[in-house]
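Novice: This is the structure I want to talk about, given as structure tokens.
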């Protein structure tokens, strides 16, 4: 029975990855925009579904009815207010804009659990900050003895 559940989960996850890839390729192919914020919207939708399940007891499948129109409206506003202003610019401009929006979203989501940027001394501490809890600390590099 566990093997069947694992296979079903793998199939659903594979379908999700296919939908994400199709979304990326459609946006790039039709609009010529490399939309890196696309992935952040997917993660935010997943957080919404998880939060609704965790705190309200609503099934993630039912949350889809709320999340899809909500993030459609948010994406539409983002398109109208920001992306349409740079859509005729070179691809690097839209890439930079969507990368900046994605980085801002990532930092906003990880800020409560991340260590302060000013105290991060290694690239490892910055790149793994979402994986670290508030109590966990990055490994300290040994000091050199002179």
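The values are calculated or read from the model by the stated rules, or taken from the named source; none is laboratory data. This structure is a prediction, so every number in the text was calculated from the model and none was measured. Ideal geometry is used to build each Cβ from the backbone, glycine not excepted, and the neighbour counts take in all protein chains shown.
Novice: Taking the condition of being part of a helix (DSSP H, G or I) and farther than 22 Å from residue 13 by Cβ, how many residues in the stretch 38-65 meet it?
Specialist: Count: 2.
Novice: Sticking with this one: Would you say residue 77 is at pLDDT 90 or above and not in a loop (DSSP other than H, G, I, E, B)? Give the steps one after another, and end with the answer.
Specialist: On the way: at pLDDT 90 or above: yes; not in a loop (DSSP other than H, G, I, E, B): yes.
Answer is yes for this residue.
Novice: Another question, if that's okay. Being assigned by TED's automatic domain parsing to the domain that holds residue 101 and either free of Cβ contacts under 8 Å to residues at least 40 places away in the same chain or touching a strand residue (DSSP E or B) at 6+ places or on another chain (Cβ under 7 Å) (or both) narrows it down to one of 62, 17, 47, so name that one.
Specialist: Step by step, each of 62, 17, 47 is checked, and only 62 is assigned by TED's automatic domain parsing to the domain that holds residue 101 and either free of Cβ contacts under 8 Å to residues at least 40 places away in the same chain or touching a strand residue (DSSP E or B) at 6+ places or on another chain (Cβ under 7 Å) (or both).
Novice: Ok, one more. All but one of (1) under 18 Å from the mean Cα position of the chain (by Cα); (2) over 30 Å from residue 85 (Cβ atoms); (3) not assigned by TED's automatic domain parsing to the domain that holds residue 87 hold for residue 4; state the number of the condition that does not hold.
Specialist: If we test residue 4 against (1) under 18 Å from the mean Cα position of the chain (by Cα); (2) over 30 Å from residue 85 (Cβ atoms); (3) not assigned by TED's automatic domain parsing to the domain that holds residue 87, just (1) comes out false.
Novice: If you don't mind, there's one more thing I want to ask. Would you be able to say whether some residue in the stretch 23-34 is surrounded by 15 or more Cβ atoms within 10 Å (Cβ to Cβ) and touching a residue at least 60 places away in the same chain (Cβ under 8 Å)?
Specialist: Yes, because at least one residue in the stretch 23-34 is surrounded by 15 or more Cβ atoms within 10 Å (Cβ to Cβ) and touching a residue at least 60 places away in the same chain (Cβ under 8 Å).
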